[in-house]
Amino acid sequence: MNLTLKIWRQAGPQAKGEMVTYPVSDISEDMSFLEMLDVLNEQLNARGEEPIAFDSDCREGICGMCGLMISGKAHGPEVTTTCQLHMRSFSDGDEITIEPWRADAFPVIKDLVVDRSSFDRIIQAGGFISANTGSAPEAHSVPVPKPKADRAFMAAACIGCGACVAACPNASGMLFMGAKITHLGELPQGQPERDARVVSMVSQHDHEGFGGCTNVGACSSACPKEIPLDVINQLNKDLRGALMRGE
Amino acid sequence: MTDTQTASTVAPEAPAPAREAAPGVVHGLYTEGEPIADTKAPKGPIEARWNKRKFDAALVNPANRRKLTVIIVGTGLAGGAAAATLGEAGYNVKSFCYQDSPRRAHSIAAQGGINAAKNYKEDGDSTFRLFYDTVKGGDYRSRESNVYRLAEVSANIIDQCVAQGVPFAREYGGLLDNRSFGGVQVSRTFYARGQTGQQLLIGAYQALERQVAAGTVEMFSRHEMLEVVVADGKARGIIARDLVTGEIETHLADAVVLASGGYGNVFFLSTNAMGSNVTATWRAHRKGAHFANPCYTQIHPTCIPVAGEHQSKLTLMSESLRNDGRIWVPKNAADCEKDPREIPEEDRDYYLERIYPSFGNLVPRDIASRQAKNVCDEGRGVGPKVGDFRRGVYLDFTDALKRMSAEAVAEKYGNLLDMYQRITGENPYEVPMRIYPAVHYTMGGLWVDYDLQSSIPGLFVSGEANFSDHGANRLGASALMQGLADGYFVLPNTIRDYLAKGPFPKLEESNEAVVEARASVDARVQKLLSINGDRSVDSFHKELGNIMWEYCGMERSEEGLLKAIDLIRGLRDEFWRNVKVLGSADTLNQSLEKAGRVADFLELGELMCIDALHRRESCGGHFRAESQTEDGEALRHDDEYAYVAAWEWGGQDGAPILHKEDLVYEFVEMKQRSYK
């Protein structure tokens, strides 16, 4: 198939960016979206133009490194990561716009590459259980009811890609944060730090410049791991409880 | 938990009559140096060795720890766990990864599970049995002391991960569930659906970020190590490039740990991440660290086949699919283009069930892979043609769907079948899936002693980056076990014996060793940018991958390997004359990053071929056409090759030097594997 791509080019963090049009031809429907960009980059390289910078690593939908805004949708038209999107989701003659995640808390580094270290700092603020190596009790000493274990797993499936932020009109990181709060809050091991965790993470989230949640739900719709919106309810509930308890 | 099973000692075989000199020596491809040996593992009963080593290893006073700096390269299970643990202990840790966050390391992609000798199923498992299975699975080419220790600490890993909140699968009573895996006869694999690696890595990542917040670990994301600093014979730091600004930075320390993963991407197409590379370990090799058993690579049988020239990576599907799927190809090459549903039962060849009636579709990975290659070489492969051959075999769930119902199949394998459909556009509930083997894991790596210290003092290597635990073939669910064993429990206990000698005298940036390392990195970056030839980095990488896959892949022969060495030398020469890397050194430049990695793969590839050439036996994942039984099975030569091949860098224009470490089996008897 033949396509017209409109791609955000930006030379560096301070540079002014612009959309640039690139026609591509003979694209196979079996290619992944990123392989299609690989093909374009090879062509650019051959004619002496610098290839387009974009992030990807595992290319099997689990590392969370890739993430593009494709014709206005985070990760494109399917519920999956950009690397797992295939060209059979498009038709001959399509015009596709490709942009980086847009959020104050995710500044552009170059072209389609953004800085998501704000997510790491939210985890540093409390997204963990303090258990030094070697201090752990026997694994079977604390049974975990299966429904709680399953819900913890569901929330822990978050890959930290940032699609939720990119999709949100407020650029909120509440789904990402809610997933971690839910994962650790469902487990008995997560209880001792539960109140402190939510207060500290929310404070860091706001400090990073993420917006608040206004229950739009675009985050959950865009999430490649289908993290449900109710993790944000859990977050709010935990926060309210923690503040009432004077945390 | 310790097992008191008595050890059986191997009677040494009568020495075989000397064969003619090894072909590598004849062809001048390598020379042989002094033998080497591990000097750190204590002697005595195998179950007492690790405790003895932990006791004998010197301690570092808590107040002195913050004066000691440790650099750790890589943030996967081995590196992330070590950084977190050393940070908790109070050392001053600097952690590096090339990704934008430590959470993205490729350990994250492991699917199936992690082994541990908990014996929760009371099915006869024990530390000794896990040790035994791992040694046998590795085709008797691993070191007994190391493997026993791995089995010994496996149970602690599960405790640690549960305490961190890793959401393992549980039963209705709230206790942990196990499944069986990879052909062993006990259920010892802990799992979190098909995302075990992700969950374990997030556990290690969170522990790491906790230490970043505590100030014990300084994190350097989007940084790539390009050189190791060796001063006065000791590893004292690294030279790294900030991938965002392009700045070349010097980081000095008292010890350096490489936990930078495997080198499967030398084949271009593999199940590794796009950025997985050999640069950290290869640069260390060039500075004096021996590279052990580079030819031991694992080819995984159940991957989605190559779809075309554009392919950038291969995707694995868990081998658990072989529990219920049946593997076949048409009996007649003429049927290969037909719709598989129209090929009648009598015209199908369920070749694994035919050749291995007792193990059937569940033979080990190396055997399943090689037989798939054989039937495709015969012209009976299915799917699109790649070159002159169709490279695919059917993995058919039709019988399982009849036996179990579609719902039951979906419950068990739904996420894998969905992934298959997303990638291929075919519905596996209606049409048999197509699979083909792909490069998955590398058992070889930098040589280390029992303390995980390489042949450069102060340079430690953990996880897939070292060679130590899997011999010539790794069993399923053992990579996660090794990564976390090394990171949480082994390295933090052994490195203190070295650090107790520190802090070492402060190294100035003006030190000759630092200046030399920086200058060589600068020169290489400038060289890559200045060639401005005609060919892209990817085109060289693909060509190298094709050579490696063709001649150093699932089957190797003397003739093919010699040809490959010639081809690689020619390609490397062309690379340094004709590669085209655009952009500049002082910004994010992904072409430049790739170019440096491919340059190192071009050197590693030759060493892999030399190693494969010199090892004139078949063992585990290394299959030499010249060394097979009458039935076409791998044939080891324990009399000649029961050793680790540790290669010393011979200089830019010199030949590598082979050092042999004899493998002595005191507790497990060496046998020929049979799965018929």
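All of the numbers you see were taken from the coordinates with simple rules; none came from a lab. These figures come from a predicted structure and were not determined experimentally. All Cβ positions, even for glycine, are placed from backbone atoms using ideal geometry, and neighbour counts span all protein chains on display.
Ordering B:S369, B:A83, B:Y140 by Cα displacement along the dipole of chain B toward the positive end leaves B:A83 in first place; charges were set at the Cβ atoms of Lys, Arg (+1) and Asp, Glu (-1).
Remark: C-alpha extents of the protein assembly as shown on the principal axes read 80, 72, 64 Å, sorted largest to smallest.
Specify whether the C-alpha gyration tensor of region B:467-560 places it in the rounded, prolate or oblate class, a ≥ b ≥ c being the square roots of the eigenvalues: rounded for a/c under 1.5, otherwise prolate if a/b is larger than b/c and oblate if not.
Working: a/c = 2.97, a/b = 1.11, b/c = 2.68.
It is oblate, given that a/c is not under 1.5 and a/b is not larger than b/c.
Taking only C-alpha pairs under 8 Å that are 6+ residues apart, what is the relative contact order of chain B in percent? Could the numbers behind the result be given before it?
Numbers: 1455 pairs, mean separation 146.3, N = 676.
Reported as a whole number, the value is 22 percent.
With a simple spin-label model that places each label point 7 Å from the Cα along the Cα-to-Cβ direction, the separation between A:E226 and B:Y172 comes to 2.4 nm. For B:E346 and A:D26, a Förster radius of 51 Å and the Cβ-Cβ distance give a FRET efficiency of 0.75, rounded to the nearest 0.05. What the phi angles of region A:125-136 give under the Karplus curve with 6.51, -1.76 and 1.60, with θ = phi - 60°, is a coupling list of 6, x, x, 7, 10, 6, 8, 4, 4, x, 8, 6 Hz, glycine and proline written as x.
Angle of helix A:230-244 to the longest C-alpha principal axis of chain A, folded into 0 to 90 degrees and rounded to 10: 40°.
A Förster radius of 25 Å combined with the Cβ-Cβ distance from B:S530 to B:D573 puts the calculated FRET efficiency at roughly 0.90.
Backbone amide hydrogens, once placed in the peptide plane, bring A:T97 within less than 5 Å of A:K6, A:S71, excluding anything fewer than 5 places away on its chain. The loop-placed GluC sites (Glu not before Pro) in region B:334-367, going by DSSP, that have at most 12 neighbouring Cβ atoms within 10 Å of their Cβ come out as B:E337. Figure legend: label point modelled 7 angstrom from the Cα of A:V216 along Cα→Cβ; residues of region A:104-121 with amide N under 18 Å from it are A:104-107. Taking amide H as placed 1.01 Å from N in the peptide plane, the amide H of B:C619 sits under 5 Å from that of B:R624, each at least 5 places away or on another chain.
Relative contact order for region B:300-439: what is it in percent, counting Cα pairs under 8 Å that are at least 6 residues apart?
Working: 216 pairs, mean separation 47.0, N = 140.
After rounding, I find 34 percent.
Here the gap between B:E512 and B:Y429, fully extended at 0.36 nm per residue and compared with their Cα-Cα distance, gives a gain of 23.4 nm. Note that region B:654-659 has calculated 3J(HN,Hα) couplings of x, 8, x, 10, 8, 10 Hz, one per residue in order, obtained from phi through the Karplus relation 6.51 cos²θ - 1.76 cosθ + 1.60 (θ = phi - 60°); glycine and proline are x.
Given a Förster radius of 41 Å and the C-beta distance between A:Q14 and A:E247 as r, what FRET efficiency does 1/(1 + (r/R0)^6) yield to the nearest 0.05? Display every interim value, and only then the final one.
Working: r = 40 Å, r/R0 = 0.97.
FRET efficiency, A:Q14 to A:E247: 0.55.
Classify chain B: rounded, prolate or oblate, from the alpha-carbon gyration tensor (a ≥ b ≥ c, eigenvalue square roots; a/c under 1.5 rounded; otherwise prolate if a/b is larger than b/c)? In terms of gyration-tensor shape, rounded.
When only alpha carbons are used to place a centre, region B:515-562 and region B:101-118 end up 29 Å from one another.
Between A:M65 and A:D57, A:C58, the built amide H atoms are under 5 Å apart, and every one of these is 5 or more places off in sequence or on another chain.
Can you tell me how much longer the chain between B:R179 and B:E669 gets when fully stretched, taken as 0.36 nm per residue apart minus their C-alpha distance, in nm with one decimal?
Numbers: separation 490, 0.36 × 490 = 176.40 nm, distance 2.75 nm.
Here the segment from B:R179 to B:E669 would lengthen by 173.7 nm.
Across all Cα atoms of region A:3-110, the radius of gyration (one decimal) and Dmax (whole number) stand at 13.4, 38 Å.
Give me the net charge for the shell around B:G194: Cβ to Cβ below 12 angstrom, other residues only, Lys and Arg +1, Asp and Glu -1. Don't skip to the end; give the middle numbers.
Working: positive: B:R179, B:R193, B:K412; negative: A:E60, B:E319, B:D418.
Summing Lys/Arg as +1 and Asp/Glu as -1 gives 0.
Just report the Cα centroid separation between region B:242-256 and region B:290-367, whole Å. Spelled out, the Cα-based centre of one part sits 44 Å from the other. Which of the lysines could be linked to A:K148 by a straight reach, that is with a Cα gap under 26 Å, when you skip same-chain ones fewer than 8 residues away? Output for A:K148: A:K180, A:K225, A:K237, B:K118, B:K121, B:K412. Taking a sphere under 11 Å around the Cβ of B:Y30 and counting the other residues whose Cβ falls inside, with K and R at +1 and D and E at -1, yields a net charge of -4. Calculated over region B:39-131, the projected area of the Cα convex hull averaged across directions stands at 9.0 nm².
Across region B:300-439, counting alpha-carbon atoms alone, Rg and Dmax equal 14.0, 40 Å.
What 222 nm value per residue comes from the helices of chain B, counting each DSSP H run with n ≥ 4 as -39,500 (n - 2.57) and dividing by all residues, nearest 500 deg cm²/dmol?
Values: 19 runs with 230 residues, N = 676.
Computed ellipticity for chain B at 222 nm equals -10500 deg cm²/dmol.
Based on C-alpha pairs under 8 angstrom that are at least 6 apart in sequence, region A:3-110 has a relative contact order of 35 percent.
Phi angles across region A:100-107 convert, under the Karplus curve 6.51 cos²θ - 1.76 cosθ + 1.60 with θ = phi - 60°, into 3J(HN,Hα) values of x, 4, 10, 6, 4, 7, 10, x Hz, Gly and Pro given as x. In this simple spin-label model, placing a label point 7 Å from the Cα along the Cα-to-Cβ direction at both A:E138 and B:L362 gives a separation of 2.9 nm.
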